[in-house]
Amino acid sequence: MNVSRRTFLINSVSIASATTILTFAPFALADNWNRQAFTDKVLNNAMKDAGYDNAVESTGILLKTQEIAENGAVVPIEATSNIPGTTSLAIFIDNNPNPLIAEFSFMNGAEPFIATRVKMAKTSLVRIAVKAGGKTYFTGKSVKVTSGGCGG
Amino acid sequence: MTDSIKMRATQQGDFADIKVLFRHDMETGLRKDSKTGQLIPAHFIDLVTATLNGTTVLQAQWGIGVSKNPFLEFRVKGAKSGDKVAISAVDNLGQHYTGETTIA
């Protein structure tokens, strides 16, 4: 009958809506992830999309890493910003398939310091960029990679 | 999955130093399976949040360039011995990871 068909349709729509909400829930949680910047393939685009364009080179950022990385899969990075008012810090590797590696935002007492380990596809400049007082700064160091770490 | 995160937090002068080790493959999506020749799908932690006694102190976004079994060290001023530091992370497939420790 028409009535039951209508009821069926209404129920179908409700189920479809519920399914849609459930399906998209995991993506909603990842809303804060800057997909554009992390998938950019060119350094300048990645820096722009992450909000670090027009960064000025600064000796107020300290970067400790290896000069020669024998294993590109695990390159230690230690970065400190001595620039007052630093709110965030990002790691860029010019010659990686996606130059933006990571971004860290500091608040409520966190110091503008980070240590981590990154992958390097080949020899490249490693850049640390920071945001401080509405301006952007960076420092860079060349790391020679003798065995690449992105596989493939 | 609490066993995926190992943490150590120590008071060092006027700041707490927190070291975190995640257990995660951090697959880039660019690697090929050597047997099948097929690309291995990307699977990586993309968001990390650290809290001190429940207050957020660090928010991180990660891409595929962070090494397998990621290591993260950060420092927080104004923390003291006995304070609780917690980490929560989520990967690109929506899997959640948490860890908690007390500053020694």
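The table for this structure:
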| read-out | value |
| --- | --- |
| Members of A:K41/A:K64; A:K48/A:K119; A:K141/B:K35; A:K41/A:K135; B:K32/B:K68 lying beyond 27 Å, as alpha-carbon distances in this model show | A:K141/B:K35 |
| Using θ = phi - 60° and Karplus 6.51 cos²θ - 1.76 cosθ + 1.60, couplings along region B:51-61 (whole Hz; Gly, Pro as x) | 10, 10, 6, x, 9, 5, 10, 9, 10, 10, 10 |
| Inter-chain shielding of B:71-80 (mean C-beta neighbours from other protein chains, 10 Å cut-off) | 5 |
| Accessible surface, per residue, of chain B when the full set of protein chains is kept, probe 1.4 Å, Å² | 48 |
| Rounded to whole Å, sorted largest first: equivalent-ellipsoid semi-axes of the protein assembly as shown, Cα gyration tensor | 35, 25, 19 |
| Orientation-averaged projected area, Cα convex hull of chain B (nm²) | 6.8 |
| Size of electric dipole in the protein assembly as shown: Cβ of Lys, Arg +1 and of Asp, Glu -1, about Cα centre, debye, nearest 20 | 360 |
| A:T146 accessible area, 1.4 Å probe, all protein chains in place, Å² to nearest 10 | 90 |
| Interface B:A - total buried accessible surface [probe 1.4 Å, Å², rounded to 100] | 2800 |
| Segment A:T59-A:N44, extension gain: residue separation times 0.36 nm, minus the distance between their alpha carbons | 3.3 nm |
| Contour minus Cα-Cα distance for B:K80 and B:Q38 (0.36 nm per residue) | 10.1 nm |
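The values are calculated or read from the model by the stated rules, or taken from the named source; none is laboratory data. Here the structure is a predicted model, which means the values were calculated and not measured. Glycine also receives a Cβ, built like all others from the backbone with ideal geometry; neighbour counts cover every protein chain displayed. With ligands, DNA and RNA removed, areas are computed over all heavy atoms of the protein, side chains included. Shrake-Rupley method; radii C 1.70, N 1.55, O 1.52, S 1.80 Å.
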